[in-house]
1. Which value, in debye to the nearest 20, gives the size of the charge dipole of the chain about its Cα centre, when Lys and Arg are +1 and Asp and Glu are -1 at the Cβ?
2. Roughly how many debye, to the nearest 20, is the charge dipole of the range 168-275 about its Cα centre, given +1 on each Lys and Arg Cβ, -1 on each Asp and Glu Cβ, and no other charges?
3. Have a look at PHE188, TYR237, ALA301 and report the one farthest towards the positive end of the charge dipole of the range 186-335, computed about the Cα centre with Cβ charges (Lys/Arg +1, Asp/Glu -1).
4. Under the rule of -39500 (n - 2.57) per DSSP H run of 4 or more residues, summed and divided by the residues of the chain, what mean residue ellipticity at 222 nm is obtained, to the nearest 500 deg cm²/dmol?
5. Full-extension gain between GLU285 and ASP165, please, as 0.36 nm times their residue separation minus the C-alpha to C-alpha distance.
6. Candidates (i) 20.4; (ii) 22.1; (iii) 23.0; which is the computed Kirkwood radius over Cα pairs in Å?
7. Which FRET efficiency value, to the nearest 0.05, do you get for THR310 and THR101 by plugging their Cβ-Cβ distance into 1/(1 + (r/R0)^6) with R0 = 35 Å?
8. Which of the lysines could a cross-linker span from LYS319 if the Cα-Cα distance has to be under 30 Å and same-chain partners fewer than 8 positions apart are dropped?
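Nothing in this text is a laboratory measurement; each read-out follows from the coordinates by a stated rule. In this text, all values refer to a predicted model and were calculated from it rather than measured experimentally. FYI the Cβ positions are ideal-geometry reconstructions off the backbone, even for glycines, and counts take in every protein chain you see.
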Amino acid sequence: MSLRFAAIGLDHRHIYGMAGNMIDVGAAFAGWWTEGNPNTLDGFDKRFPGVPRADDYRRFLDDASIDLILISAIPRDRARLAIEAMEAGKDVMVDKPGCTTLAQLDEIKACQARTGRIWSVDFSERFEVPSVTRATELVADGAIGKVVQTVGLGPHRLNRATRPDWFFEREAYGGILTDIASHQIDQFLFFTGSTDAEVTLASVGNYANPNDPGLQDFGEIALRSPQGHGYIRVDWYTPDALPNWGDGRLTILGTEGYIELRKYVDVGGRDGTDHLILVNGSRCENIDARGSELPYFARLAADIRDRTETAMPQAHAFKVMELGLRAQDIAEGRV
């Protein structure tokens, strides 16, 4: 099987990693469509020169040779586009958040059950970070015993001048917990082996951007399951002096040790990305994890071919989004 994919909606730069990683595992990029001219287009054209733009995304849905649709549209539109794609017989990889309301999630679940298609969310802070792959291997090998807690920190740089209007509209992006914190919810469920969880704390705030009432610039969640506990903090406060967009970190606590990931930068002085710190009964060391693979994309290609769930169980994708949306409702006082 020679897998072919198309992209519909290029409103977020995550489309670069989504498309580039699928090309790296041998998939062919057939074309793309987006509404208008988002500011992602210059970077997209530099990365994918010569890939044709269509004047209507439905051309890709009607093309029997296309297997997979990538979606990085404005978050409020992702559910509708994914449902159209699945109804047309396509599998879907969507940028996070995969949807922005529980009603949308219910519609996606019903469509996926009806069509049997794959609805996968590219949680890039796990699937596109080599150090997470290395941590996964260490946990599987028993390096820190049983995982009992994750602490996920997701700071981001606001980059106000480059942000489109929808970025500041709560209805458009779904809220900070639905959006950014979905990464950390995914990692909590994955590393603790949880299939469900209780949201025991959820809050949001806007402390630094009072002139943008639709923006939430801080959020936190606490999670609990029979398998473990989790704490999540996300924000839009990355200072300008940091050399990248955010000092994203993940701490995985086990009964026999712990792992800390400094994914994108180490302010302690080491150069580069993907710094893994391992401490257990016999080892206390820094590991350069930059060379680890990114297996999600090859596994997704295999799942499309074999109708399996090796990249990410379908129920996991649904549960991550459900917990993010429920946490958002709790934080905003709707439950």
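1. Numbers: 36 positive and 49 negative charges, 54 e Å.
So the magnitude is around 260 debye.
2. On the way: 7 positive and 17 negative charges, 47 e Å.
So the dipole magnitude of the range 168-275 works out to roughly 220 debye.
3. Farthest along the dipole direction, towards plus: ALA301.
4. Details: 12 runs with 113 residues, N = 335.
Taking each H run of at least 4 residues, the total per residue is -9500 deg cm²/dmol.
5. On the way: separation 120, 0.36 × 120 = 43.20 nm, distance 4.47 nm.
Extra length available between GLU285 and ASP165 comes to 38.7 nm.
6. (i)
7. Details: r = 29 Å, r/R0 = 0.84.
According to the calculation, E is roughly 0.75.
8. Here the lysines satisfying the reach criterion relative to LYS319 are LYS90, LYS96, LYS109, LYS146, LYS263.
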